[in-house]
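The values are calculated or read from the model by the stated rules, or taken from the named source; none is laboratory data. Worth saying up front: this structure is predicted, and the values here are computed from it rather than measured. When we count neighbours, we look across all protein chains shown, and the Cβ atoms used for this are built from the backbone with ideal geometry, even at glycine. Calculation scope for accessible area: heavy atoms of the full protein, side chains included, ligands and nucleic acids excluded. Shrake-Rupley method; radii C 1.70, N 1.55, O 1.52, S 1.80 Å.
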Amino acid sequence: MYRFLALFALLILVTATATNHRVDASTVLKIGSEGQAIPDLQFRLQTMGYYHLPIDTSFGKGTRSAVQRFQINNGLQGDGIVGPKTWAKLKKLSVNKKELSMLARVIYAEARGEDYKGQVAVGAVVMNRLQSSKFPKTVKEVIMEPNAFSAVKDGQYWLIPNQTAFKAAKAAVKGMDPTGNALFYFNPDISKSVWFKTRTATKKIGNHLFTL
């Protein structure tokens, strides 16, 4: 009985801790802010090349400067305050730590036999879909959309990605897109889909043909 109560108490503690550390992306952040939403913000800015300091839980001048550069470069008011509009734009153009791992995983599963450019290209398609109104609004939903990626369907998505896949994922998040804004790709030597042949091709990279 005692062991059961101890285990139950531990479970409550873990749950409470997880709840306290949940990032609330709707929170307005500005200079002087503290909390667990800030590492998420800093990581997103870091992957895009705006933030170069250590990730922490404090919104200092370095974070504000990075936010301002991001805002100005993306048509937002450069006030350095992270409100709903800035969060919305960040989520369209960037990834958090977990999403970066998901992006690297799908790159490795779908394109580990391609060269580096071909791997970046697959990541770019995911990022292009994230920014398109025709697709789901989160990286997870884009990747897990039914029949979106064959590697998810056949289970290869769960393979552990290597460092090249992570490097390609970071490049895609930073804006590298060798596909010409493609939203789809397929291997014409393998795919029997007639639908793909109706799409407008943008680039042929390695074994994949990229299309709009």
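Give the span of the range 111-212's Cα atoms along each principal axis, as three whole-Å numbers ordered largest to smallest.
In descending order, the Cα extents are 34, 28, 28 Å.
Could you work out the helix-only [θ] at 222 nm for the chain, with each DSSP H run of four or more residues adding -39,500 (n - 2.57) and the total divided by the number of residues, to the nearest 500 deg cm²/dmol?
-15500 deg cm²/dmol
Helix 97-111 sits at what angle to the longest principal axis of the chain, using alpha carbons and giving 0 to 90 degrees rounded to 10?
In the chain, helix 97-111 runs at an angle near 20 degrees to the longest axis.
Normalise the Cα radius of gyration of the range 56-107 by 2.2 N^0.38 Å (N = residues in it) and let me know the number.
1.28
Can you tell me the Rg and the Dmax, both Å, for the Cα atoms in the range 88-161?
Over the range 88-161's Cα set, Rg and Dmax evaluate to 11.6, 34 Å.
Could you tell me how many degrees, from 0 to 90 and to the nearest 10, lie between the Cα long axis of helix 84-93 and the main elongation axis, the longest principal axis, of the Cα atoms of the chain?
40
Taking N as the number of residues in the chain, what is its Cα Rg relative to 2.2 N^0.38 Å? Mind showing how you got there, number by number?
Numbers: Rg = 19.8 Å, N = 212, 2.2 N^0.38 = 16.8 Å.
Normalised Cα radius of gyration, the chain: 1.18.
As I understand it, the value is the acute angle between the Cα axis of helix 163-174 and the longest principal axis of the Cα atoms of the chain; what does it come to in degrees, rounded to 10?
80
Taking all protein chains as present, what is the carbon and sulfur share of the accessible area of the chain, in % to the nearest whole number, probe 1.4 Å?
Exposed carbon and sulfur together represent 57 percent of the surface.
Setting aside same-chain residues fewer than 8 positions from LYS89, which aspartates and glutamates have a Cα under 20 Å from its Cα?
Result set, ordered by chain and number: ASP24, ASP40, ASP79, GLU99, GLU141, ASP177.
Would you kindly state the longest site-free stretch of the chain, with sites defined as trypsin sites (Lys or Arg not before Pro) in a DSSP loop (not H, G, I, E, B) surrounded by at most 10 other Cβ atoms within 10 Å?
Looking at the chain, 23-133 is the longest stretch - no exposed trypsin sites (Lys or Arg not before Pro) with at most 10 other Cβ atoms within 10 Å.
Per residue, how large is the accessible surface of the range 160-212? Use a 1.4 angstrom probe and give square angstrom.
On the way: 3200 Å² over 53 residues.
On a per-residue basis, 60 Å².
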